[in-house]
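Below: one structure, written as structure tokens.
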Amino acid sequence: MRNWLSRIGGWFDHRLGVRAIVLSTLEHPIPRGAAGPLGWWYVFGSASLTLLAIQILTGIGLSLVYVPAPDQAFESLEYLNYEQPLGWFLRALHYYAGSGMVVMVLVHMTQVFLHGSYKYPRELTWLVGVLLLVCTLGMFFSGQILRWDPDAYWGLAVAGSMAGRVPVVGPQIVQLLHGGPVIGGDSLSRFFALHVFVIPGALLLLLAAHLWLVLRCGISAPPDPKQPVDPRTYDVDYHAELRRTGVPFFGGAVLKDAFFSALVVIVVVALAAIMGPKGPSELPDPTIGGANPRPEWPFLWLFALLAMSPPAAETFIILVLPVLLLGLLFLVPFISNRGQRAPSRRPAAVLLVVISYTVLGVLTYKGHTAPWSPAMNAWSSDPVPIAMVKQSSPLQLQGSAVFQNKNCRNCHALDGMGGRRGPDLSTIGTRLTRDQLIDQISNGTPGGGNMPAYGKQMGPHEMTALVEFLVSLRPPGQLPARVATLDPPP
Amino acid sequence: METASNPPPLDLLPGRRTFFGWLTYGLGAVAATMLGFPIAQYFLGTWQRRASWVKLGAVDSFLPGVTRMVTFDSPLSQPWDGRTAHTGVFVRYLGQDDNQQAQFLVLAVNCAHLGCPVTWFPQSELFMCPCHGGVYYANGERSSGPPPRGLFRCVWRVQQGNLEVQAPHYPTLDDTLDKSGAVASSASRLARCKHA
């Protein structure tokens, strides 16, 4: 039997001639350090690859059912969730393996950066890696659109409004992005084509180049402070060391890769099984206001940065900053492609990583909570806390009704409930006097800032009642605010 | 035996080979053009549709000084757009001008900041945007928040007692909208601005 099999194999290889290539690839020597305990640093790239394989598999599975047309997309996703056996699981797995892929690619990049592995002769490997990151993020964004819920529909609207800010060719870019003058079937089809054909094609080509470069330039040895990179001697030293102490790739190193990949697969499968598929939340209905589109988590930091920046910086953040950041990533191996690789000797690099992840983390958290978005239903859904009106006079009670009716609550919380765009007004009576309140409410934030001027939006009687209510908002026993120069202390 | 070890010269007729070379380039160029033009045209061809008017209802059906959303199926959508084709605009009947002509304020639902859908709050007479808290007054003028301008206005006309609006390009908000830009602060000012 075995003899028979090897004869069939021999027949094929006589024509294909791949045996020698495959064997030499599997057995190519890698630095001894990369196969030892430090080899655990090298597992993230292969884990990304494993997750990509899951994405391709689950993606093909989902495409068997999903309909990329607005009148059917939502239903076909619901069908996947509830009718198709294990459709829910495939959808969930596609989401969590995709999320995991972003995480793994980022960790892989961070490791390569910290270990200085991007230095000579692996600059091009880094550049292709950055493009792979762009592809991965592109897959995430286009995939979110295919979910065709309000986040997708209004996300496209926001993306269109952003693209529309490009000088001169803005409208053409919007047209190209949406595939027409309105968001609809043409927009969805084009993101389907991007998600299923264009970006995966680019990603696989780039991946082939990335892997070829890894094989050709060799895996970098774990950084050693005593061996700084010198492009003039690096290749000779590297290969001499490989001949002397190298170990075959197919062995300890692959075992670590396989172990970690298996762990990652178990984690994403468990996550998918426990968390279930993400959305679709509801059918997008352009006539329903109050939709507040959220980008997927890899983009929350940009969303937050945009929301918290002054209006003057907005167009810069939308159009220039992403290009700038990408350009910086591209420039990394050209800023320094020699010298120390060990993180212990590169404090600036370590600091940069710490700062970058702190900033990204804080912005992502802010983007997740989004305190800048008004709570559109708060005026009718969050009642004034009873404790605040228990001792109220009729006028103050009336004022609390004005407060709710004029939608103040959408931006101002009482006792932590309500919008958080403006300050919480639970104790406003201790901070602003009657006159200051009237001024603030009538004129809003000077210069058209964050609060609208309510001067024309309410009558004098409503204003009187409202201010009476606001002045009463004080912790028990606290006096109302006073102007120090005018009112003598009691 | 010398001739046997030397391969015969490739170009028996050098002129013919040169000609064949040029012929191949030419043929290749023709093939590339024949293939490239229609394909490029398909990909780049912007999807143009003529301006189409949508009937929003009889002028009498709008109460003066009341803003409400009027919904319609956008004629710019594809037959397979489903619910997504169903869009709307905010309409406010401003009453009649000096020439007894009905005047309307027709506002796009998309925030002028980043295109999110604004909500009309009749109690406070404000439009509020859920995304970054842009607020507009009843006449569409910017009140507060990040929007750089007031709400976009749609081009409208009255035909045979019916209010019609040019189907807006969501959310490009560019070519179908009232180009006059500056939002009128009162009905009398609006009456002077040109509309179709």
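The values are calculated or read from the model by the stated rules, or taken from the named source; none is laboratory data. For clarity, every value in this text was computed on a predicted model and none was experimentally measured. Ideal geometry is used to build each Cβ from the backbone, glycine not excepted, and the neighbour counts take in all protein chains shown. Accessible surface areas use protein heavy atoms only, side chains included; no ligands, DNA or RNA. Shrake-Rupley method; radii C 1.70, N 1.55, O 1.52, S 1.80 Å.
Using +1 on the beta carbon of Lys and Arg, -1 on that of Asp and Glu, and nothing else charged, what's the dipole of chain A about the Cα centre, debye to 20?
1520
Which value, in Å³ per residue, describes the convex hull spanned by the Cα atoms of the protein assembly as shown?
Per residue, the Cα convex hull of the protein assembly as shown comes to 279 Å³.
If you count only protein heavy atoms with a 1.4 Å probe, what accessible area per residue comes out for chain A, rounded to a whole Å²?
52
Between the stretch A:274-320 and the stretch A:13-63, what is the separation of their alpha carbon centroids in Å?
Taking the Cα centre of the stretch A:13-63 as reference, the centre of the stretch A:274-320 is 36 Å away.
To the nearest Å, what is the center-to-center distance of the stretch B:97-174 and the stretch A:369-431, using C-alpha atoms only?
27
Count the net charge of all other residues whose Cβ sits under 14 Å from the Cβ of A:Lys456, scoring Lys and Arg as +1 and Asp and Glu as -1.
Neighbour charge sum, excluding A:Lys456 itself: -2.
How many nm is it between the label spots at A:Leu352 and A:Tyr82, if each spot is 7 Å from the Cα in line with the beta carbon?
Each label point is offset 7 Å from its Cα along the Cβ direction, giving 5.1 nm.
Using packing as a proxy for protection, rank A:332-342, B:132-142 so that the peptide with the highest average count of other Cβ atoms within 10 Å comes first.
Descending packing order for the listed peptides: B:132-142, A:332-342.
Ranking request for peptides A:343-354, A:134-145, A:204-215: highest mean number of other beta-carbon atoms within 10 Å first, then the rest in descending order.
In descending order of packing, they fall as A:134-145, A:204-215, A:343-354.
Take peptide B:70-81, look around each residue's Cβ out to 10 angstrom, count Cβ atoms belonging to other protein chains, and average those counts.
Mean number of neighbouring Cβ atoms from other chains: 5.
Quick one: net charge around A:Pro248, please, counting Lys, Arg +1 and Asp, Glu -1 for every other residue with C-beta under 14 Å from its C-beta.
Once positives and negatives cancel, what remains is +1.
Suppose each label sits 7 Å from its Cα in the direction of the beta carbon; what would the A:Leu319-A:Leu124 distance come out to in nanometres?
3.5
Mind grabbing the interface size between B and A? I mean buried accessible area, both sides, 1.4 Å probe, in Å² to the nearest hundred.
Chains B and A together bury roughly 4300 Å² of accessible area.
Tell me the net charge near B:His113. Cut-off is 10 Å between Cβ atoms, B:His113 excluded, with +1 for each Lys or Arg and -1 for each Asp or Glu.
It works out to a net charge of +1.
Among A:Thr125, A:Ala240, A:Ala484, which residue has its Cα positioned farthest towards the positive end of the charge dipole of chain A, with +1 placed on the Cβ of Lys and Arg, -1 on the Cβ of Asp and Glu, and the dipole taken about the Cα centre?
Highest projection toward the positive end goes to A:Ala240.
Kindly rank A:185-197, A:451-463 from highest to lowest mean number of other beta carbons found within 10 Å of each residue.
Ranking the peptides A:185-197, A:451-463 by packing returns A:185-197, A:451-463.
A:Ala401 label point, 7 Å along Cα→Cβ, cut-off 16 Å on backbone N: hits in the stretch A:442-462?
Hits in the stretch A:442-462 for A:Ala401 at 16 Å: A:459-462.
Name the residue farthest towards the positive end of the dipole of the stretch A:12-132 from the options A:Ser48, A:Leu64, A:Trp88, assuming +1 on Cβ of Lys and Arg, -1 on Cβ of Asp and Glu, about the Cα centre.
After comparing all options, I get A:Ser48.
Describe numerically, in nm with one decimal, the distance between label points set 7 Å from Cα along Cα→Cβ at A:Ser393 and at A:Val362.
It is 4.5 nm.
Using only C-alpha atoms and all pairs of different ones, pull out the Kirkwood radius for the stretch A:302-433 in Å with one decimal.
Evaluated over the stretch A:302-433, this radius sits at 18.9 Å.
Taking every residue in B:108-118, how many Cβ atoms of other protein chains lie within 10 Å of its Cβ, on average?
6
Quick one: P(r) of the stretch B:54-168 from all Cα-Cα pairs, 10 Å bins, percents rounded to integers, in order of increasing distance.
14, 43, 34, 9, 0
Averaged over A:152-163, how many beta carbons belonging to a partner chain fall within 10 Å of each residue's beta carbon?
Per residue, the number of nearby Cβ atoms from other chains is 5 on average.
Report, to the nearest whole %, how much of the accessible area of the protein assembly as shown belongs to carbon and sulfur atoms, 1.4 Å probe, protein only.
Roughly 66 percent, rounded to a whole number.
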